[in-house]
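Below: the structure, in structure tokens.
The values are calculated or read from the model by the stated rules, or taken from the named source; none is laboratory data. The model shown is predicted, which means the values in this text are computed figures rather than measured ones. Note: ideal-geometry Cβ built from the backbone for every residue, glycine included; neighbour counts use all protein chains shown. Please note that ligands, DNA and RNA were not included when accessible areas were found on the heavy atoms of the full protein model with its side chains. Shrake-Rupley method; radii C 1.70, N 1.55, O 1.52, S 1.80 Å.
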Amino acid sequence: MRPETREQYRIAVFALPATLFMLVMMAIPLGSVVWQSISDDTGLSLAAYAKIVQSNLFIRVTRTTLEIALGATLVAFFLGYPIAYFLAKQSTKRQTIWLIVILIPFWTSSLVKSFAFVVMLGHAGILNTFLGELGLGPYKMLFNRIGVMVGMSHFLVPFMVFPILTNLRSQPPELAKAAAIMGAGKFRIFRTVTFPLSLPGVVSGALLVFILALGFFIVPKLLGGRQDVMLSSLVDFYAREVFDFQMSSAIAVILMATALLAAFLLSKVRGGASILSKESS
Amino acid sequence: MTDSMGTVQEMVRLDAVTKRYGSFTALHETELSIRAGEFLTLLGPSGSGKTTLLNAVAGMATPTSGRIWIDGRDVTATPPEKRGLGMVFQSYALMPHMTVFDNIAYPLKVRKISKQEIRKRVSDVLELVRLPDLAHRKPKELSGGQQQRVSIARCLVYNPRLVLMDEPLGALDKKLREQMQLEIKRLHNELKITMIYVTHDQEEALNMSDRIMLMNGGKAEQIGSPHDLYFRPVSQFAADFIGQSTMLDAKILEVGDPCIVDLGASGQCKVKVPGANKDQGGKLVLRPETLRLITNDQIADGFNALSVRYKDSLVTGSTIKHIVELENGTELIVQELTTPEETAKRHEGRLLVAWPVEAGIFLDR
């Protein structure tokens with residue numbers, strides 16, 4: 001056995017428990033979901049997929065899901081890019097402090113946070129009471145798209161911040177310096193140098209947020225209206241209310257396939273992002 | 001360059017400039033005046049303050065105190081983009097997402113120059129740096145030397161009167177570096193720009209500069225022509241940093257012209273030391289190429305001679321280095337030109353090292 005091969009086996013041993021866990025807890029259930037979606041009592045059948053394609057409900061929910069996922073991605077970008085840009089300009093010590101602040105949303109479950117948003121955004125909630133004092137509102141910010149966007153982007157912004165921050169930090173500082181010496185002002189430097197170079201980070205952040213947003217369940221359920229049903233809710237609907245496991249499995253498979261496609265694109269962009277680091281070395 | 005009054009124009013003036021980061025002083029109070037058209041090199045080891053000084057001129061570090069003047073204008077508070085100078089970086093700092101053409105066109109676009117004029121000036125400057133056919137390549141498709149030419153072209157295309165170069169050749173191999181030195185020198189002569197050039201390579205500094213500012217510990221150690229720095233170093237640091245030298249412990253025994261200097265167990269010699277004091281201690285600096293190995297009957301007037309033990313010889317092509325040892329065990333390197341005569345026999349019987357009295361340098365700091 002060649003030494004490298006032996007080393008690989010040694011590493012494989014360390015990965016074994018996690019691999020077994022994932023196999024039992026992920027791969028087997030997923031396989032059974034896929035199997036359930038393409039079989040019924042009589043054997044193999046694509047009936048569920050045929051039904052889905054013709055279902056108005058499915059098509060409408062798919063559109064809503066894509067709309068919400070894209071919307072959340074855009075909101076996360078517009079909120080996340082300035083944060084990442086600001087952080088990239090801080091000293092390493094300050095960056096750590098700010099990153100902890102950004103990660104605070106992760107310390108609370110999204111269920112609890114969603115209830116918190118109900119308190120804040122509701123008709124008699126904190127925000128509307130405050131706006132009322134200013135003679136504005138009340139605005140309907142709950143049980144509609146606004147509520148969904150607020151709740152989701154609150155969770156998703158960090159996933160946008162990190163890839164962009166990583167990219168901005170890896171940009172050689174001399175590039176902006178050189179542009180300044182050549183006479184470019186701050187905004188021009190951002191527009192012609194910093195931002196174009198950060199695009200791989202933006203794209204990987206966007207795909208990451210999009211993938212996560214596709215599968216949101218609790219937030220749209222609690223903060224959205226009747227119009228804001230996402231595919232995950234549809235899976236839940238078929239499984240727990242109609243007891244049509246074939247349909248619910250088929251929808252889950254389609255949702256997963258969409259996310260996998262986005263993940264595949266993500267891996268392509270990650271590869272592309274390394275062009276920058278190669279040049280700077 | 002001279003103005004109508006016939007006086008030499010000043011391009012850069014540093015007036016008591018200091019730079020501190022917290023309690024650390026990166027640049028002690030520094031005075032500097034650079035003539036228009038001059039090639040000035042900031043030479044020194046890393047951490048000597050040369051890059052801090054360059055950044056202060058470029059506008060990327062604001063001095064803690066003092067004022068900076070460029071071309072008669074006080075620019076102390078002017079941001080880099082308003083200083084109108086050019087800069088070349090060690091890492092080239094080419095925009096990786098732009099072609100060579102777009103990189104060079106960048107400063108022209110900033111200056112709102114017409115497309116037609118941009119095309120003309122870019123192709124002219126590519127001609128000037130001898131890279132005419134690469135306009136549509138991306139920087140990463142070029143070799144290091146080509147990338148540095150592009151970055152020089154990008155710096156020259158908008159005709160800045162003052163160009164700063166921060167170790168521009170540091171990432172290139174020796175052969176390419178020497179070629180680029182000539183190239184930069186040629187551009188400097190042709191375009192009559194004022195150049196501030198940073199390097200830690202003393203040979204590069206000696207090759208290229210009109211004047212060298214040798215820096216150490218955030219201070220100017222010595223400012224002068226390459227000739228001055230080589231032949232009249234003001235300190236042991238300067239003598240050691242520039243060129244090769246051997247330093248011997250020395251003490252002034254007798255003041256005069258020349259003085260008599262005591263070298264301990266190795267003997268005594270004569271050195272010209274203006275303003276010397278009796279019993280003053282210091283180092284005697286000897287350059288290898290001023291030393292000769294001679295036989296007893298070759299001792300001449302105006303020369304110092306010390307007896308040595310021969311140890312070894314190294315032939316480096318055009319020169320040969322003899323390693324010899326003084327009475328007190330200090331090693332000396334004697335450098336001579338090689339001749340077809342057989343190496344092994346050259347030192348036979350030559351048991352004295354000799355040098356002209358005026359070639360010895362006594363430094364008390």
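Rounded to the nearest Hz, the phi-derived 3J(HN,Hα) couplings of the range B:109-122 under the Karplus curve 6.51 cos²θ - 1.76 cosθ + 1.60 (θ = phi - 60°) are 4, 4, 8, 6, 8, 5, 3, 4, 4, 4, 4, 5, 5, 5, where x marks glycine and proline. When GluC sites (Glu not before Pro) are flagged only if DSSP places them in a loop and at most 13 other Cβ atoms lie within 10 Å, the longest unflagged stretch of chain B comes out as B:1-340.
Note on chain B: GNM, Cα springs under 10 Å; of B:Ile242, B:Ile323, B:Ile104, the largest mean-square fluctuation is that of B:Ile323.
Only DSSP H runs of four or more residues enter the estimate; each adds -39500 (n - 2.57), and after division by the residues of the protein assembly as shown the mean residue ellipticity at 222 nm equals -15000 deg cm²/dmol. The value given for the protein assembly as shown is a Kirkwood hydrodynamic radius of 31.6 Å, derived from the mean inverse Cα-Cα separation.
The dipole here belongs to the protein assembly as shown: it is taken about the Cα centre, uses +1 on the Cβ of Lys and Arg and -1 on the Cβ of Asp and Glu, and is about 2520 debye. When chain A is treated as a Gaussian network with alpha carbon springs shorter than 10 Å, the biggest mean-square fluctuation among A:Gly125, A:Gly71, A:Gly135 belongs to A:Gly135. Each 5 Å bin, from zero up to the one with the longest distance, holds this percent of the alpha carbon pairs of the range B:23-142: 2, 9, 15, 18, 16, 14, 13, 9, 4, 1, 0.
Remark on the range A:1-131: ratio of C-alpha radius of gyration to 2.2 N^0.38 Å is 1.72.
With only the Cα atoms considered, chain B has a convex hull volume of 191 Å³ per residue. Amide H contacts for A:Asp40 (H built 1.01 Å from N in the peptide plane; partners 5 or more residues away or on another chain; cut-off under 5 Å): A:Ser45.
A:Met22 contributes about 100 Å² of solvent-accessible surface, heavy atoms of the protein only, 1.4 Å probe. Amide H contacts under 5 Å for B:Ile212: B:Thr41, B:Gly224, B:Ser225, restricted to partners 5 or more places along the chain or on a different chain, H placed in the peptide plane at 1.01 Å from N. When the Cα positions of B:Ile242, B:Gly256, B:Leu286 are compared along the charge dipole of the range B:218-303, B:Ile242 comes out farthest toward the positive end, with charges on each C-beta of Lys, Arg, Asp and Glu.
The dipole here belongs to chain B: it is taken about the Cα centre, uses +1 on the Cβ of Lys and Arg and -1 on the Cβ of Asp and Glu, and is about 1820 debye.
In a GNM of chain A with a 10 Å cut-off on Cα contacts, which of A:Ile164, A:Ile126, A:Ile181 has the highest mean-square fluctuation? For chain A, modelled as a Gaussian network with Cα springs under 10 Å, the answer is A:Ile181. For the pair B:Thr64 and B:Arg137, label points projected 7 Å from Cα toward Cβ lie 4.5 nm apart. Take each residue in B:92-102, count the other chain C-beta atoms within 10 Å of its C-beta, and the mean is 5.
In the range A:48-276, the alpha-carbon atoms span a convex hull of 155 Å³ per residue. Summarising the amide proton neighbourhood of B:Gln268: residues at separation of 5 or more, or on other chains, whose placed amide H is nearer than 5 Å comprise B:Leu263. Buried surface for the B/A pair, taken as the accessible area of each chain alone minus that of the pair with a 1.4 Å probe, is close to 1900 Å² in total. Shielding by partners for peptide B:75-87, expressed as the average number of C-beta atoms from other protein chains within 10 Å of each residue's C-beta, is 3.
Distance between the pseudo-spin-label points of A:Leu16 and B:Asp257 (7 Å out from Cα toward the beta carbon): 9.1 nm.
Backbone phi angles across the range B:234-242, fed through the Karplus curve with coefficients 6.51, -1.76 and 1.60 (θ = phi - 60°), yield HN-Hα couplings of 8, 8, 4, 4, 5, 5, 6, 6, 9 Hz in residue order; Gly and Pro are listed as x. Averaging sequence separations of C-alpha pairs under 8 Å and six or more residues apart, then dividing by the length of chain B, give the relative contact order as a whole percent. Once normalised by length, the contact order is 15 percent. Going down the list B:Lys82/B:Lys109; B:Lys175/B:Lys321; B:Lys19/B:Lys138; B:Lys50/B:Lys321; A:Lys89/B:Lys115; B:Lys174/B:Lys321, which pairs span over 27 Å between their C-alpha atoms? From B:Lys82/B:Lys109; B:Lys175/B:Lys321; B:Lys19/B:Lys138; B:Lys50/B:Lys321; A:Lys89/B:Lys115; B:Lys174/B:Lys321, over 27 Å: B:Lys19/B:Lys138; B:Lys50/B:Lys321; A:Lys89/B:Lys115. Accessible surface of B:Val12, taken over heavy atoms with a 1.4 Å probe and every protein chain present, rounds to 0 Å². Rounded to the nearest 20 debye, the dipole magnitude of the range B:1-130 is 480 debye, with +1 charges on Lys and Arg beta carbons, -1 on Asp and Glu beta carbons, and the Cα centre as origin.
Placing unit charges on each Cβ (+1 for Lys and Arg, -1 for Asp and Glu) gives the protein assembly as shown a dipole about its Cα centre, and among A:Ile28, A:Ser39, A:Thr108 the Cα reaching farthest toward its positive end belongs to A:Ser39. 3J(HN,Hα) along the range B:69-77: 10, 10, 6, x, 10, 6, 10, 3, 9 Hz, from the Karplus curve 6.51 cos²θ - 1.76 cosθ + 1.60 with θ = phi - 60°, whole Hz, x for Gly and Pro. Considering only B:His136, B:Thr25, B:Val75, and ranking their Cα positions along the charge dipole of the range B:10-240 that arises from unit charges at the beta-carbon of Lys, Arg, Asp and Glu, the one farthest toward the positive end is B:His136.
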